[in-house]
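The values are calculated or read from the model by the stated rules, or taken from the named source; none is laboratory data. All figures in this text were calculated on a predicted structure; none of them were measured in a lab. As a convention, Cβ positions derive from the backbone with ideal geometry for all residues, glycine included, and neighbour counts pool all protein chains shown.
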Amino acid sequence: MRLYAVVAAGGFRRYATYRTATAAGVFTNTVFGFILAYTYIALWDARPQLGGYDMAQALAYVWIGQGLLAACAMMGGGFEDELMERIRTGDIAVDLYRPADLQLWWLAGDLGRAAFQLIGRGVVPMLAGALAFDIALPGSAWIWPAFLLSVLLGVVVSFAVRYLVALSAFWLLDGAGATQMAWLLGLFFSGMLLPLPLFPGLLGEVARMLPWSSLLQIPADVYLGKHTGWGLVEAYAFQGGWAVALLLAGRLLQSVATRRVVVQGG
Amino acid sequence: MAETVAVRPGPEGSREPGGSAYFAYEERPRVLEGLRAYGLIVGMWVRSTMAYRASFVMTTFGNLAATAFDFLTIVLMFTHVDALGGYTLPEVALLYGVSATAFGLCDLLLGSMERLGRRVRDGTLDTLLVRPVPVLAQVAADRFALRRIGRILQGLAVLVYALATLDIAWTPLKVAMLPVMVISGAAVFGAVFVAGAAFQFVAQDASQVQSAFTYGGATLLQYPPTIFAKDLVRGVTFVVPLAFVSWLPTLYVLDRDYPLDLPQWVAFLAPVVAVAVGALAGLAWRAALRTYRSTGS
């Protein structure tokens, strides 16, 4: 356990090193937040209470999304490029030799990264949004820890999906296409572009059942007080269930991959 | 895009004539020289892309799908409302189509400039400086990605849909405005890309700031100007004149009033604005290139 804590701390410090890049990311998140906020204002002006949100809640949703974009690695940018590169070059053989579990190792590093990006990339856009717009704030103090737990589960689901995508490099070698498809689906089905309750009919029902809703829709709903009591437990169970299922799928795929794939190199 | 390549970048040292064959090459005006070099490098990358045809088809489709989600979002919004900021779906589609096509065109031709920050950081820009070819042409053509054509196709598809569904009172001027706004729009975005690249010399790690203006600008222009705060509209009209990409010309075609009380003929300034910002971006690029000091001890 100590080992993984060290790896997580390393992940945190590694991302904390690039301060200019973090500031640039915050700036970009904030600009996008403004653009999105105005489109939502137009939408909720025309249809108040759309999707069960009022205007302040819809605006809060926008800024939660910008705040979580980096932490949940919704547009990629996590560990997956590095892992895929190691698979492609054959360095993965060395990793498999190490006295550490491959999946837990990368999970620890990614949690460290997410922790930094939640603070470094999340707090300032949220504050900017709260200052510039009239956004909904949590009704009571206990919502904050409940929200953070939901975010944590979201990050684990996000990791588990990206781990599966990265493992595809064992077969595809060049995982650029798979990565691109994964973040496109993630961006759309997490509710980043539009809250999932606004998706019509079957598309909406499917979207709400997919793992990506754990990344933004559920944490945002927890923040907005849509899940309380048993509803909150159910939301956690949904996120946790996907996290466990996808992590197990990752282990399964990893064992298949390491058994049948010949490592690249001489 | 001529005006963005028209500037003569490159350090003075790269103009030393070599042998006699080299001399003939140098006699061409720098603009043509730059364009020729750009074409050659692009041709090389296209040939290398075509070595993996299946991969090319898939990534092109991926690029097309990537931007299609943007438009799908707008369509989903319109399942709940009839108008957004007073604009109907076909009208928003026209704004979207113009902005996406112009941006796609620019992204295809100059999108590689985003990578400049990396070259400045690791010092590989040096390689480009010693070649007898304008640096701007080299940076713009670096790793030219033909798959970005997918974005243009998606933009054009939405544009065609908008033109087919809209009931526009066409005049010759409005018809002429269509190609003009797409091309000058691409040039305005091009100027933003070049200026952004110049900025990357100064703030090496901050390449993401550029995305706020390029991708952010493209997203902003997909929605009608009426939904944004007046100050924001002023900013993208007078400071970073992105409004000339789609808002002003498209509103002229649609016979709509621009939220900022500007006369209608301002829409025709789009090419002028494109040339002006292109020249400014070129100056910024020259100044930035002069400040370049390679990495290392």
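One residue stands out in segment A:204-239 among those that are of a type in the set (Gly, Ala, Ser) and within 14 Å of another protein chain (Cβ to nearest Cβ): the one that is surrounded by the fewest Cβ atoms within 10 Å (Cβ to Cβ), namely A:Gly204. Tell me yes or no: at least one residue of segment B:123-131 is surrounded by fewer than 23 Cβ atoms within 10 Å (Cβ to Cβ) and within 13 Å of another protein chain (Cβ to nearest Cβ). No, there is no match, as no residue in segment B:123-131 is surrounded by fewer than 23 Cβ atoms within 10 Å (Cβ to Cβ) and within 13 Å of another protein chain (Cβ to nearest Cβ).
For segment A:87-95, the criterion of being closer than 25 Å to A:Gln254 by Cβ, within 14 Å of chain B (Cβ to nearest Cβ) and at pLDDT below 90 is satisfied by no residue at all. Of all residues in segment A:134-158, those that are closer than 30 Å to B:Val75 by Cα, assigned to a helix (DSSP H, G or I) and hydrophobic (A, V, I, L, M, F, W, C) total 3. When A:Leu107 is tested against (1) surrounded by fewer than 16 Cβ atoms within 10 Å (Cβ to Cβ); (2) closer than 26 Å to A:Leu172 by Cα, exactly one condition is not met: (1).
Check segment B:255-263 and report whether any residue there is among the aliphatic types (A, V, I, L, M), farther than 24 Å from B:Arg118 by Cα and more than 14 Å from every other protein chain (Cβ to nearest Cβ). Yes: one or more hits. Against the definition (of a type outside the set (Lys, Arg) and at the interface with chain A (Cβ under 10 Å from one of its Cβ atoms)), how does B:Met113 come out, yes or no? No, not satisfied. Flag set for A:Leu83, criterion: under 30 Å from A:Leu173 (Cα atoms), more than 14 Å from chain B (Cβ to nearest Cβ) and either of a type in the set (Lys, Arg) or buried (at least 22 other Cβ atoms within 10 Å of the Cβ) (or both).
Can we say B:Gly235 is within 14 Å of chain A (Cβ to nearest Cβ) and either closer than 27 Å to B:Tyr292 by Cβ or not polar (S, T, N, Q) (or both)?
yes
Please determine, by comparing only the residues of segment B:196-225 that are over 13 Å from A:Thr28 (Cα atoms) and out of contact with any Leu (no Cβ under 9 Å at 6 or more places or on another chain), which one is nearest to the other protein chains (Cβ to nearest Cβ). Out of the qualifying residues, it is B:Asp205. Restricting to segment B:162-179, name every residue that is assigned to a helix (DSSP H, G or I) and out of contact with any helix residue (DSSP H, G or I) (no Cβ under 6 Å at 6 or more places or on another chain). Within segment B:162-179, B:Leu163, B:Ala164, B:Pro172, B:Leu173, B:Val175, B:Ala176, B:Leu178, B:Pro179 meet the criteria. Pairs meeting the criteria (first residue in segment A:20-44 and over 30 Å from B:Val202 (Cα atoms) and facing chain B (nearest Cβ under 7 Å), second residue surrounded by fewer than 22 Cβ atoms within 10 Å (Cβ to Cβ) and among the small types (Gly, Ala, Ser), beta carbons under 8 Å, at least 6 apart or on different chains) are A:Tyr38/B:Ala229; A:Ala42/B:Gly85. Confirm whether A:Thr179 is in a loop (DSSP other than H, G, I, E, B) and over 26 Å from A:Ala42 (Cβ atoms). No; evaluated as a whole, the condition is false for this residue. Among the criteria (1) assigned to a helix (DSSP H, G or I); (2) within 9 Å of chain A (Cβ to nearest Cβ), the one B:Val81 does not fulfil is (1). Would you point out the residue of segment B:239-262, among those that are farther than 20 Å from B:Thr101 by Cβ and aliphatic (A, V, I, L, M), that is surrounded by the fewest Cβ atoms within 10 Å (Cβ to Cβ)? Filtering first and then ranking leaves B:Val239. A single member of A:Ala60, A:Ala8, A:Ala71 is under 26 Å from A:Val157 (Cα atoms), at pLDDT 95 or above and more than 14 Å from chain B (Cβ to nearest Cβ), and it is A:Ala60. A:Gly78 passes every criterion in (1) buried (at least 16 other Cβ atoms within 10 Å of the Cβ); (2) more than 14 Å from chain B (Cβ to nearest Cβ); (3) assigned to a helix (DSSP H, G or I); (4) touching a helix residue (DSSP H, G or I) at 6+ places or on another chain (Cβ under 7 Å) apart from (3).
Answer yes or no: is there a residue in segment A:48-57 that is more than 9 Å from every other protein chain (Cβ to nearest Cβ), out of contact with any Phe, Trp or Tyr (no Cβ under 8 Å at 6 or more places or on another chain), surrounded by fewer than 19 Cβ atoms within 10 Å (Cβ to Cβ) and under 22 Å from A:Trp212 (Cβ atoms). Yes; the residues of segment A:48-57 include at least one that is more than 9 Å from every other protein chain (Cβ to nearest Cβ), out of contact with any Phe, Trp or Tyr (no Cβ under 8 Å at 6 or more places or on another chain), surrounded by fewer than 19 Cβ atoms within 10 Å (Cβ to Cβ) and under 22 Å from A:Trp212 (Cβ atoms). Within segment A:186-203, take every residue that is within 11 Å of chain B (Cβ to nearest Cβ), part of a helix (DSSP H, G or I) and surrounded by fewer than 16 Cβ atoms within 10 Å (Cβ to Cβ) and give me the one that is modelled with the highest pLDDT. If we take residues in segment A:186-203 being within 11 Å of chain B (Cβ to nearest Cβ), part of a helix (DSSP H, G or I) and surrounded by fewer than 16 Cβ atoms within 10 Å (Cβ to Cβ), then A:Leu203 is modelled with the highest pLDDT.
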